[in-house]
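Colleague: Can you keep this structure in mind? I'll have questions shortly.
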Amino acid sequence: MNATSIASGEATTLLSVEQLKVQFGVPRGAYPWSGKTMLRAVDGVSFNVRRGETVGLVGESGCGKSTLARAIIGLAPVASGSVRWLGNETVLPGTRRDTTLLRRDVQMIFQDPLASLDPRMTIEQIVAEPLIAHGRNLARADVQRRVLTMLERVGLNAQHLRRYPHEFSGGQCQRVGIARALISEPQLVICDEPVSALDVSIQAQIVNLLRDLQRELSLSLLFVAHDLAVVKAISHRVLVMYLGRVMEFGDKRDVYRTPLHPYTRALLSAVPVPDPTVERARRHLLLRGEIASPLNPPSGCAFRTRCPDAIDACAAQIPQPVAHGASATRVACIRVGDG
Ligand SMILES: Nc1ncnc2c1ncn2[C@@H]1O[C@H](COP(=O)(O)OP(=O)(O)O)[C@@H](O)[C@H]1O
Ligand SMILES: [Mg+2]
């Protein structure tokens, strides 16, 4: 890739994740001699993020979204598979941290805005820290100017500079988190459920702010949420996960209009439609049972124990996400396209 291909607006792949697996050893019993068993939190996930796009990552709590996000930046132990940044391998299997390539280019925003800010630091110090940590040798006045510009960009102002995180509301803390993530001009920001801990009325403000920033700065976002409603407005493509695996990955319009995987259809049917007449007439697909345990996933398709369309063959093999027909969507389901 060269400067011309970027300038010509070709879709460049920034991040590419191939067959990524993350496992945790968890104690089998209460005693040290009970031994350990492997929990497969991320089980062979492949996807990519292109320059300037937002990928929405959705799935029920516990399906491995945070672990996947952490593995990308080198904070979770990768068992196998690869993470590439602009084509270069960043996290090697068996190692925890070799994120030199990513350190400046990828930033993260967390779910709990207050807990992710150091309570002893002022807002100015918090936002300035990544600039100083990356050792860019900026003059003090330069840092101050950039911090203020960034705070204003996220809807705060000079009066907030000397305050501490506990003086702010959840939404304001998240704005500080966003300013801190963006100050070092990253190319990709991983947002791990950035609005899940906020009041519903505040959620849309933060999602809109992130969407505006994404457009203005041509940022790429990996936006994690546990329901499809939250990522609809902001995503270009959507990745649906279940029990550590990819169920469906495709263009936002295709996934919302014609969801192919039974799990995506169930998740979507749980999203209310604003029109009450339409809403009343809709058929809600209810999922049977509980999400299975990642310690003991079902054989074959992980979703089959809750799937309304499951047949015996679903237990035989783990379905891989593949494209069907003309659509670019990849779906991991043997029933899709067989009638
Ligand atoms: N450090 C860890 N040690 C053991 N198990 C973990 C650890 N982190 C996450 N898990 C397990 O991995 C699975 C996925 O967790 P997580 O990535 O937090 O899911 P999500 O973010 O989708 O809610 C869960 O079963 C969780 O209990
Ligand atoms: Mg999580």
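All of the numbers you see were taken from the coordinates with simple rules; none came from a lab. Everything quoted here is computed from the prediction, not taken from an experiment. Note that each Cβ is placed from the backbone with ideal geometry, even for glycine, and that neighbours are counted across all protein chains shown.
Colleague: Assigning unit charges at the beta carbon (Lys, Arg +1; Asp, Glu -1) and nothing else, what dipole magnitude in debye, to the nearest 20, does the stretch 39-181 show about its Cα centre? Mind dumping the intermediate values first?
Modeller: Numbers: 20 positive and 13 negative charges, 67 e Å.
That gives a dipole near 320 debye.
Colleague: Specify the longest stretch of the chain that does not include any exposed loop site, a site being one of the GluC sites (Glu not before Pro) with a non-H, G, I, E, B DSSP assignment and at most 13 other Cβ atoms within 10 Å.
Modeller: 11-289
Colleague: Apply the Karplus curve 6.51 cos²θ - 1.76 cosθ + 1.60, θ = phi - 60°, to the phi angles in the stretch 305-315 and return the couplings in whole Hz, x for Gly and Pro.
Modeller: Ordered by residue, 3J(HN,Hα) equals 5, 10, 8, x, 9, 5, 10, 3, 4, 5, 7 Hz.
Colleague: Enumerate the amide H contacts of ILE190 below 5 Å, restricted to partners 5 or more residues apart or on another chain; note that Pro and chain-start residues carry no placed amide H.
Modeller: Those lying under 5 Å, H to H, from ILE190 are GLN107, MET108, ILE109, LEU222.
Colleague: Quick one: which residues, 5+ away or cross-chain, put their amide H under 5 Å from the amide H of LEU243? H built at 1.01 Å from N.
Modeller: The answer is none.
Colleague: Also: Which of the lysines could a cross-linker span from LYS232 if the Cα-Cα distance has to be under 22 Å and same-chain partners fewer than 8 positions apart are dropped?
Modeller: LYS65, LYS252
Colleague: Which value, in debye to the nearest 20, gives the size of the charge dipole of the stretch 118-185 about its Cα centre, when Lys and Arg are +1 and Asp and Glu are -1 at the Cβ?
Modeller: 80
Colleague: Would you list, by chain and number, the aspartates and glutamates whose Cα falls below 16 Å from the Cα of LYS21, excluding same-chain residues fewer than 8 positions away?
Modeller: ASP43, GLU89
Colleague: In addition: Only helical DSSP H runs with n ≥ 4 go in: add -39500 (n - 2.57) per run for the chain, normalise by residue count and round the 222 nm mean residue ellipticity to 500 deg cm²/dmol.
Modeller: -8000 deg cm²/dmol
Colleague: For the chain, what does the equivalent ellipsoid look like in terms of its semi-axes, each the square root of 5 times an eigenvalue of the Cα gyration tensor, given largest first in whole Å?
Modeller: 35, 24, 21
Colleague: Residue by residue through the stretch 30-46, what is 3J(HN,Hα) from phi via Karplus (6.51 cos²θ - 1.76 cosθ + 1.60, θ = phi - 60°)? Round to whole Hz and write x for glycine and proline.
Modeller: 7, 9, x, 7, 5, x, 10, 10, 8, 9, 8, 6, 10, 10, x, 8, 10
Colleague: Around PHE168, what is the net charge, scoring Lys/Arg as +1 and Asp/Glu as -1 over all other residues with Cβ under 15 Å from its Cβ?
Modeller: Details: positive: ARG120, ARG162, ARG163, ARG175, ARG180; negative: ASP112, ASP118, GLU124, GLU167, ASP199.
Charge balance in the 15 Å sphere: 0.
Colleague: Using θ = phi - 60° and the Karplus curve 6.51 cos²θ - 1.76 cosθ + 1.60, what whole-Hz ³J(HN,Hα) does each residue of the stretch 326-335 get, with Gly and Pro shown as x?
Modeller: 3J(HN,Hα) across the stretch 326-335, in whole Hz: 7, 5, 8, 5, 9, 10, 9, 7, 6, 7.
Colleague: Check ALA323: other-chain or 5+ apart residues with amide H under 5 Å from its amide H, H built from backbone geometry?
Modeller: For ALA323, whose amide H was placed from the backbone, the distant partners under 5 Å are VAL331.
Colleague: In debye to the nearest 20, how big a dipole does the chain give about its Cα centre with +1 on each Lys and Arg Cβ and -1 on each Asp and Glu Cβ?
Modeller: 240
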